[in-house]
Amino acid sequence: MEQKQSKGVIHGLRINAELKNRIERALQPGEYSSRSAFIRTAVERELAGRESGVDAAEQRIAASLDRTAREIHNLRIGQQALFAFVDVLAKTFLTCVPEPPRDARDQAVARGKARYDRFLKTVGMSMVGDSQAAMAKLLGLGHE
């Protein structure tokens, strides 16, 4: 039942006997002028709590997104540094190491493949956790 008055909107509220008794016990002399004042305060606290809960959740999500963005940025910088390192290493190696003679080329290629396989195994053993599993998967795919 709703009626408009100059002070506000009136809502009829049905409550069971147990809730009525709990409200009566919560009313302390001098704290609230009436049961209605107590119920209005309780509703306002509930609504304020919900709003602050949403704000807190938004803040946690925003902080998580910011942290994730920083981590991705750091990974990107590390990846760029690693690429630059490998690029310089490859250029230096290719500049300084001569081609093997034609008659020894097949033997040099075979030794190079054996050294490369040992290198990959050593890299795989030095990696830990998910990286090691990823390397094992890559090594398995390379031999198929």
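Screening the candidates Asp87, Asp103 for the property of being free of Cβ contacts under 8 Å to residues at least 60 places away in the same chain, of a type outside the set (Lys, Arg), more than 25 Å from Arg14 (Cα to Cα) and exposed (fewer than 10 other Cβ atoms within 10 Å of the Cβ) yields one hit, Asp103. Going through (1) part of a helix (DSSP H, G or I); (2) acidic (Asp, Glu); (3) surrounded by 10 or more Cβ atoms within 10 Å (Cβ to Cβ) one by one, Glu31 falls short only on (1).
Out of Ile77, Ile39, Ile61, I need the residue that is in a helix (DSSP H, G or I) and touching a helix residue (DSSP H, G or I) at 6+ places or on another chain (Cβ under 8 Å). Which one? Only one candidate passes the filter, namely Ile39.
Using the structure shown, decide if Leu82 is under 26 Å from the mean Cα position of the chain (by Cα) and free of Cβ contacts under 8 Å to residues at least 60 places away in the same chain. Even if it seems obvious, please write down each step before you answer.
Working: under 26 Å from the mean Cα position of the chain (by Cα): yes; free of Cβ contacts under 8 Å to residues at least 60 places away in the same chain: yes.
Criteria met by Leu82.
Is segment 36-44 home to any residue that is of a type outside the set (Ser, Thr, Tyr) and at pLDDT below 80? No, every residue in segment 36-44 fails to be of a type outside the set (Ser, Thr, Tyr) and at pLDDT below 80.
The values are calculated or read from the model by the stated rules, or taken from the named source; none is laboratory data. Because the structure is predicted, anything quoted here is derived from the model rather than measured. Virtual Cβ from ideal backbone geometry, glycine too; neighbours counted across all protein chains shown.
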